[in-house]
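The values are calculated or read from the model by the stated rules, or taken from the named source; none is laboratory data. Bear in mind the structure is a predicted one, so any value in this text is a computation, not a measurement. Quick reminder, even Gly has a Cβ in these numbers, built from the backbone with ideal geometry, and neighbours come from all protein chains shown. Each accessible area value is taken on the protein alone, full model and side chains, heavy atoms only, with ligands, DNA and RNA left out. Shrake-Rupley method; radii C 1.70, N 1.55, O 1.52, S 1.80 Å.
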Amino acid sequence: MPRRGLLFLLVLGLTGPAIAQSRLTIEGIMDDPRWMGSFPRDPFWSEDGRWLYFYWNPDGAPGDSLYKVPRTGGEQPVKVSPEERRQLPPPGGVYDRSRARKLFVRDGDLFLYDIRAGRLLRLTQTVEQESSPQFLFDDRIAFVRDNNLFELDLRTGMLRQRTDFRTGQPPSTPRPDEQQRWLRQQQLQLFEVLRRRQQRRQEAERWRERERRAEHPPRTIYLGRRSVQNLTISPDGRFITFQYVTPPEDNRPTQVPTYVTESGYTDQLRARPKVGSPQPRYEFTIYDTHRDTMLTLRRETIPGIYDLPDYERERRQARGDTTSRYRDPRPIFVHGPFWSPDGRRAVVVAVAQDNKDRWILELFPETATVRLLDRQRDEAWIGGPGIGGLFSPGVIGWLPDSRRIYFQSEETGYSHLYVLDLETGQKRALTSGRFEVFDPFLSRDGRFFYFTSSEVHPGERHFYRVPVEGGPRLQLTSMAGNNEVVLSPDEGMLAIRHSYSNRPWELFLQENRPGARPRQITDSRSEAFKAYPWRDPQIVTFRARDGELVYARLYRPERPNGAAVLFVHGAGYLQNVHRWWSSYFREYMFHNFLADHGYTVLDVDYRGSAGYGRNWRTGIYRHMGGKDLEDYVDAVQYLVREHGIDPKRVGIYGGSYGGFLTLMAMFTQPDVFAAGAALRPVTDWAHYNHPYTSNILNLPYTDSLAYVRSSPIYHAEGLKGALLICHGMVDVNVHFQDVVRLVQRLIELRKENWELAVYPVEDHGFVEPTSWMDEYKRIFRLFERYLRGQP
């Protein structure tokens with residue numbers, strides 16, 4: 001394991017024993033992460049529950065390997081042989097109703113695993129890619145190949161194609177002109193042999209068509225410009241559902257040039273369009289194979305489909321327009337259908353493309369009509385744990401009685417688990433409180449739900465069980481931090497991937513009962529990593545100016561220098577104030593480094609962060625750089641008041657959304673922050689992607705004020721302090737063009753107290769250790785110079 005950059009010092013006490021200490025360096029903490037050790041990931045159980053498998057790399061090999069331990073633990077993990085690995089069904093896949101068999105796709109081919117017999121059967125070996133397997137009734141399965149649906153009878157081995165979608169336009173026969181029609185008619189009138197041959201040919205064609213129809217072939221459908229998504233079939237094989245996708249006529253992509261290439265020429269990477277660009281049109285379609293009819297779900301029958309969002313209503317009223325409804329139904333995307341266990345009922349999840357509504361609907365496929373079961377409306381945007389959106393249905397499923405469904409909703413302001421009876425319409429919450437529920441699933445017998453929640457503390461995750469019929473929640477894990485649980489097939493054992501604030505992920509085994517003792521089965525930290533006493537950041541709270549309680553992680557130096565650095569996490573909707581090993585592990589180590597140099601570091605879960613409910617999640621709606629930045633200004637006041645920080649010596653830094661908020665801090669709060677490092681920042685939200693940005697700021701041409709007040713490029717004239725900007729040149733997420741446009745703006749404003757560092761081979765997330773090292777050395781020098789007065 002590389003250990004450079006970790007400088008070990010031996011400090012000899014004058015009156016006591018020797019005390020081993022270590023001091024971090026930026027080169028050390030930003031080196032290849034393998035220096036810390038290899039931490040286990042992606043655990044899964046064997047189908048019989050005897051073995052726990054996981055990926056691990058304790059030997060420091062170029063890549064992770066698959067390991068296993070018995071469910072009883074007590075043995076060292078063993079590396080799985082290539083032969084065993086080839087015969088091992090992967091996690092995931094789909095099960096039949098008795099969970100006796102499992103379907104899965106590996107390398108584009110379809111496999112069937114008999115769990116009771118432990119036998120693996122390869123069903124396909126084709127050049128085409130198979131996908132989306134599902135079990136049907138009567139021992140049949142279905143899957144998608146080459147964008148068409150196929151059905152395989154496992155008893156007879158007969159393969160049947162159920163759809164015939166073809167790209168492009170149907171073939172056309174040239175129509176004869178007037179002269180050609182006259183000549184043809186003349187020939188038939190003059191010659192009997194031609195008339196007889198024509199008659200025989202037509203009779204043969206009619207016979208072939210009758211024979212073809214007797215075989216029930218799939219209807220041939222030419223797609224033209226369209227494509228097909230979400231191709232599925234009902235368990236009885238009658239109803240085939242899919243989405244027609246019509247691409248926009250003009251959806252101009254962006255180009256990202258890459259300069260350091262093997263060829264020596266500049267290449268162009270095709271990247272995403274910008275927010276507000278034309279979007280695809282989706283049509284949820286049902287093909288009734290018994291009646292050979294094609295029906296499209298009528299959007300206008302969905303309650304509330306014409307409703308204007310509040311911001312649009314206000315915009316129209318300002319123009320004197322008092323209409324409260326759209327003229328046409330809003331575009332939607334439909335997830336599903338999700339069929340009941342008995343195959344008699346189906347529900348779909350419809351999401352408005354403006355992401356203001358999510359409808360759970362009962363589907364009647366014979367008529368392509370729906371009945372409203374639940375509607376969640378959010379004037380900001382639909383979101384939260386388990387809620388889903390345009391690209392995910394969220395949590396949705398059936399109870400074994402084929403009468404009730406379960407789902408998650410933010411109805412109370414926090415994402416909780418609900419059960420709804422389709423017969424009575426009664427909806428019942430199984431969880432409630434000022435916490436959120438994650439990843440619920442049913443027990444094998446259908447009597448309990450298992451789920452993870454933040455009930456103990458917003459910064460902890462524990463595993464619970466609750467009866468389907470309601471009752472007290474039973475907490476099954478006890479270790480402080482984050483407990484990611486994978487339940488064994490018989491539900492007798494928990495495989496726990498656990499971490500704490502200053503301890504990375506390890507695997508534990510525990511019996512499935514409260515109070516059971518978890519047994520650690522991996523020890524992954526390197527000796528170099530263990531040599532440093534990593535801080536356990538204190539989780540603190542302070543009141544924002546509007547009275548809300550803000551959570552933050554505080555790194556206390558042993559010898560404070562009076563300066564503070566505030567960190568802004570990225571991704572917007574993400575939580576970083578918690579008691580588990582952060583995905584920002586480099587930043588965590590850098591904060592220890594800063595604290596070693598006397599800086600007080602505060603990491604804030606600002607407005608818009610995950611983990612605190614709907615109102616916190618949507619607190620940035622129509623104004624990014626508003627309440628979220630106010631939380632940082634209030635954090636500075638907290639540090640000055642409670643920790644003696646010099647208000648003139650406060651810095652701020654962060655990447656992506658954190659880089660954006662750093663720019664807003666330096667431009668709009670110049671008297672609060674003396675220095676800032678904006679890494680890969682969004683500088684103008686009108687140039688970011690559509691799904692994320694349109695949720696929060698609507699569209700640039702319908703809500704331009706939201707974009708102006710939220711985009712740093714409009715506020716650059718406020719810069720006073722020292723600004724460092726760092727950006728990868730092949731960033732296909734936040735494009736390098738963003739920072740180039742801001743640089744031109746700063747030049748035109750005659751600003752001089754800024755600098756730009758570019759990284760020619762880096763995308764949004766840096767890969768090369770040397771890039772990380774260079775970037776964070778620059779950040780540290782910025783703070784040393786402007787917060788401590790060091791040259």
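Per residue, how much space in cubic angstrom lies within the convex hull of the C-alpha atoms of segment 91-213?
163 Å³
Note down, for the chain, the three equivalent ellipsoid semi-axes (square root of 5 times each alpha carbon gyration tensor eigenvalue), biggest first, whole angstrom.
52, 35, 28
Return the Cα extents of segment 506-607 along principal axes one, two and three, sorted largest first, each rounded to a whole Å.
Projected onto its principal axes, the Cα set of segment 506-607 covers 46, 36, 25 Å.
Just to confirm my numbers, what's the Cα centroid distance between segment 137-184 and segment 271-345 in Å?
29 Å
Tell me the angle of helix 627-643 to the major Cα principal axis of the chain, expressed in degrees between 0 and 90 and rounded to the nearest ten.
That works out to roughly 20 degrees.
Averaged across orientations, what area in nm² does the convex hull of the alpha carbons in segment 562-694 project?
Spelled out: convex hull of the Cα atoms, projected over all directions, averaged, 8.1 nm².
Taking a cut-off of 22 Å between Cα atoms, list the lysines near Lys274, but don't count ones fewer than 8 places away on the same chain.
Reachable lysines: Lys356.
So what is the 222 nm mean residue ellipticity for the chain from helices alone, if each DSSP H run of at least 4 adds -39500 (n - 2.57) and you divide by all residues, rounding to the nearest 500 deg cm²/dmol?
-5500 deg cm²/dmol
Calculate, in nm to one decimal, what Glu752 and Arg319 gain on full extension: separation in residues at 0.36 nm each, minus their alpha carbon distance.
Additional length available on full extension: 151.6 nm.
How much accessible area per residue does segment 721-766 have, in Å², with a 1.4 Å probe?
Here the residues of segment 721-766 average 42 Å² of exposed surface.
Determine the share of the chain's accessible area contributed by carbon and sulfur atoms, expressed in whole percent, with a 1.4 angstrom probe.
48 percent
If you line up the long axis of helix 769-787 against the longest principal axis of the chain, both from Cα atoms, how many degrees apart are they, to the nearest 10?
The angle comes out near 40 degrees.
Run down the aspartates and glutamates and flag those whose C-alpha is under 13 Å from the C-alpha of Lys627, throwing out any fewer than 8 positions away in its chain.
Output for Lys627: Asp546, Glu548, Asp605.
Can you tell me the orientation of helix 178-190 relative to the chain, as the angle in degrees between its alpha-carbon axis and the longest Cα principal axis, to the nearest 10?
Around 30 degrees separate the two axes.
Kindly provide the chymotrypsin sites (Phe, Trp or Tyr not before Pro) of segment 333-441 that DSSP labels as loop, not H, G, I, E or B, and whose Cβ sees at most 11 other Cβ atoms within 10 Å. Provide the component values of the computation, followed by the final result.
Working: sites: Phe333, Phe338, Trp339, Trp359, Trp381, Phe391, Trp398, Tyr406, Phe407, Tyr414, Tyr418, Phe435, Phe438, Phe441; in loops: Trp381, Phe391, Tyr414, Phe435.
Passing sites in segment 333-441 are Phe391.
Rg and Dmax of segment 36-161, using alpha carbons, in Å: what are they?
Here Rg and the maximum Cα pair distance are 17.0, 55 Å.
Could you work out the relative contact order of segment 620-747? I mean the mean sequence separation of Cα pairs under 8 Å and 6+ apart, divided by the number of residues, in percent. Don't jump to the answer; show the numbers that get you there.
On the way: 207 pairs, mean separation 36.4, N = 128.
About 28 percent, as a whole number.
Counting only protein chains, not ligands or nucleic acids, how are Val739, Val105, Val370 ordered by accessible area (probe 1.4 Å), most first?
Working: Val739 0, Val105 55, Val370 30 Å².
Putting Val739, Val105, Val370 in descending order of accessible area: Val105, Val370, Val739.
When all C-alpha to C-alpha distances in segment 131-177 are sorted into bins of 10 Å, what percent of pairs does each bin hold, rounded to whole numbers?
Calculated over all Cα pairs of segment 131-177, the distribution is 24, 37, 17, 13, 7, 2 percent.
Largest first, how would Phe104, Phe39 line up by accessible area (1.4 Å probe)?
So, going from the largest accessible area down, we get Phe39, Phe104.
Give me the one-decimal nm value for the distance between modelled label points at Glu178 and Glu262, 7 Å along each residue's Cα-to-Cβ direction.
Reported label-point gap for Glu178 and Glu262 is 6.4 nm.
Treating only the Cα positions of segment 147-218 as identical point scatterers, give the base-10 log of I(q)/I(0) from the Debye formula at each q in 0.22, 0.26 Å⁻¹.
Those come out to -1.08, -1.16, one per q.
With the contact rule set at Cα under 8 Å and sequence spacing of 6 or more, what percent relative contact order holds for the chain?
Computed value for the chain: 9 percent relative contact order.
What do you get for Rg/Rh over segment 335-438 if you use C-alpha atoms and the Kirkwood form of Rh? Mind showing how you got there, number by number?
Working: Rg = 13.2 Å, Rh = 13.9 Å.
That ratio is 0.95, to two decimals.
Among the lysines, select those whose C-alpha is under 20 Å from the C-alpha of Lys720, and discard any that sit fewer than 8 residues away in the same chain.
Lys648, Lys751
Determine the gain in length on full extension of the stretch Glu469-Asp546; use 0.36 nm per residue of separation and subtract their C-alpha separation, reporting nm with one decimal. Don't skip to the end; give the middle numbers.
Numbers: separation 77, 0.36 × 77 = 27.72 nm, distance 3.97 nm.
Stretched fully, the Glu469-Asp546 segment lengthens by 23.7 nm.
Probe 1.4 Å, all protein chains in place: accessible area of Thr412 in Å², nearest 10?
The value for Thr412 is about 90 Å².
Rolling a 1.4 angstrom probe over the protein chains, ignoring ligands and nucleic acids, what is the accessible area of His290 in square angstrom, nearest 10?
Its heavy atoms expose roughly 130 Å² to the probe.
For segment 423-462, with equal point scatterers placed on the C-alpha atoms only and solvent neglected, what are the log10 I(q)/I(0) values from the Debye formula at q = 0.16, 0.21, 0.30 1/Å, to two decimals?
Each listed q corresponds, in turn, to -0.52, -0.77, -1.03.
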